[in-house]
Number of protein chains: 2
Amino acid sequence: MNILDSVKYDANGLIPAIAQDDATGDILMMAWMNRESLEETVRTKKGVYWSRSRRSLWRKGEESGHVQDVKSIFLDCDADVILLRVNQIGGAACHTGHRSCFYREVSPDGNDLIERGKILFDPAAV
Amino acid sequence: MNILDSVKYDANGLIPAIAQDDATGDILMMAWMNRESLEETVRTKKGVYWSRSRRSLWRKGEESGHVQDVKSIFLDCDADVILLRVNQIGGAACHTGHRSCFYREVSPDGNDLIERGKILFDPAAV
């Protein structure tokens with residue numbers, strides 16, 4: 001059975017996909033895939049998602065060159081979350097220029113967001 | 001502004017939450033939180049989720065003792081995904097007894113799922 005038929009898509013036909021740096025284990029981002037983007041990811045070994053805001057296929061790095069080389073793909077126990085282990089070309093996965101989209105830490109009392117990690121590129125220049 | 005007001009819940013009032021092993025960087029699971037579970041997670045520093053199947057608060061490990069001690073909490077750039085860095089008591093986060101829910105790797109051709117990682121406990125005994 002192909003992976004495309006094994007995964008459980010939600011009511012919108014989407015499944016969450018986590019991208020993790022294959023070398024460091026850092027979690028880079030979480031985005032969404034539809035069947036078409038998952039098929040293309042498996043076939044091309046590049047991170048391809050579904051942009052919910054643009055309602056279109058999102059080949060990550062297509063314009064910037066900051067593509068994700070997919071090293072391995074995992075499926076969770078409930079078959080409703082995908083994990084990609086990737087080599088993030090350019091180093092930064094986040095559109096803000098941060099290595100990871102998870103660059104804001106919640107303060108212990110829950111009242112503040114503390115910025116972590118440095119900016120790797122100027123988003124305006126990409 | 002409190003984190004509870006900063007995050008973007010989806011149409012069902014939920015936000016995805018990734019649990020990552022704080023020591024090893026392994027991704028353990030992805031589950032969902034509502035505002036109440038996020039509030040309790042921030043306050044108690046234990047992993048508390050929302051069970052979509054049971055439609056109730058899910059205090060992870062409440063019965064098994066396999067709780068998640070939350071070391072830090074991160075929010076992504078779009079404020080619509082939570083990342084918990086945790087110490088998983090008992091070692092296994094998955095109800096199957098695996099350390100991680102992502103214990104099945106997709107074969108390169110997309111036609112098979114290959115089991116990775118060993119079983120840490122007998123699910124029937126918990």
For B:Ala79, inter-copy label-point distances (7 Å, Cα→Cβ), nm, shortest first, read 3.7
Expressed in Å to one decimal, the Kirkwood Rh of the range B:24-126 from all distinct alpha-carbon pairs is 14.8 Å
In the B-onto-A rotation, chain B's nearest residue to the axis by C-beta, with distance in whole Å, turns out to be B:Gly25, 1
Probe 1.4 Å, protein heavy atoms only: A and B together bury a total accessible area in Å², to the nearest 100, of 3300 Å²
To the nearest 10 degrees, the tilt of helix B:35-44 (Cα long axis) against the first principal axis of the alpha carbons of chain B is 80 degrees
Here the longest stretch of chain A that holds no trypsin sites (Lys or Arg not before Pro) in a DSSP loop having at most 14 other beta carbon atoms within 10 Å is A:56-115
Under a Gaussian network model of chain B whose springs join Cα atoms within less than 10 Å, the largest fluctuation of B:Asp69, B:Asp22, B:Asp112 belongs to B:Asp112
For A:Trp58, B:Trp50, B:Trp32, the accessible-area ranking with a 1.4 Å probe, largest leading, is A:Trp58, B:Trp50, B:Trp32
Regression test value, accessible area per residue of the range B:1-48, probe 1.4 Å, units Å², expected 41 Å²
With the full set of protein chains present, the residues of the range A:26-43 whose 1.4 Å probe accessible area falls by 50 Å² or more relative to the chain alone are A:Ile27, A:Met30
For chain B, the accessible surface attributable to carbon and sulfur atoms (probe 1.4 angstrom, ligands and nucleic acids excluded) amounts in percent to 47 percent
Inter-copy distances for B:Leu57, nm, shortest first, label points 7 Å along Cα→Cβ, are 4.5
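The values are calculated or read from the model by the stated rules, or taken from the named source; none is laboratory data. Since the structure is predicted, the reported quantities are computational estimates derived from the model, not experimental observations. Using ideal geometry, Cβ is built from the backbone for each residue, glycine included, and neighbour counts are taken over all protein chains shown. Please note that ligands, DNA and RNA were not included when accessible areas were found on the heavy atoms of the full protein model with its side chains. Shrake-Rupley method; radii C 1.70, N 1.55, O 1.52, S 1.80 Å.
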